[in-house]
Amino acid sequence: MGWRTACGPGASRRAPVSHASVPRTICVQENCTAPRSVLLCRGMAETRSRQTRLLSSLSYAGLVALAAALGYLTFRATQQPRGDGQLTEAVVAPPPFIELSGFSARREKTSDAERLNVTLRLRLSTRTPIDCYVYIVARNEHVSPKLWVSWPDEAASALTTGGHFRGGSPPSGQAIRLTSSWTRVNATISHPAGRPPFDTVTVYLVGPEGEILLERPFAL
């Protein structure tokens, strides 16, 4: 409430003036009483500032995603083999699924010899036949010197001095053709006279390039 000067008698007195009719805008921040135009300008400035920050964040995220995508494409391009000026992907055929069943090993001893007779069956889970080679190795690695004998006899060239398959000469094994039907394998392994008995038999199935398709040990 203010004061005003009165006219007429008693002019020396000032009458109070009420400002109740003057509109004021109350700001919710710190209870300020700034004029409406000032508040509107301040609100518009804050809105533009938020929009600018949002656009900056979206632009940065887009640049990061673009850089990651370019890096991935570059990595894929460097990993693919090149041929005739074009990118090509190497196609690796999955190994055939080979089933082994009916394994048995029976010791036979006569007055002049000892032998181990091994029988087993093999087949493929697919209809496409494959040519491969069978190796069977009987071992006893708990004695000194270690004892091992291979079947067939010429398969020894494909084994290390410790009796483990090393590949390199697949034709030295027993050649067979595997199909979806069972193929029976019979092997006779001579046992050295006077040596301890075998305690393990390992069956190897080897592909034409010397790759091991199956390795299955059996305890005796």
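The values are calculated or read from the model by the stated rules, or taken from the named source; none is laboratory data. Computed from a predicted model, the values in this text were never measured in an experiment. Cβ atoms come from the backbone with ideal geometry, glycine included; neighbour counts cover every protein chain shown.
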Within the range 157-182, how many residues are part of a helix (DSSP H, G or I) and either at positive phi or free of Cβ contacts under 8 Å to residues at least 12 places away in the same chain (or both)? 0
Please pick out the residue among P170, P196 that is crowded, with 16+ Cβ neighbours inside 10 Å and not basic (K, R). P170
Residue pairs, Cβ under 9 Å, 6 or more apart or interchain, first in the range 105-118 and surrounded by 12 or more Cβ atoms within 10 Å (Cβ to Cβ), second of a type in the set (D, E). List them. R107/E114; E114/E108; R115/E108; L116/E108; N117/E108
With respect to T52, is the statement that it is at pLDDT 70 or above and in the same structural domain as H164 (by TED's automatic domain parsing) true? no
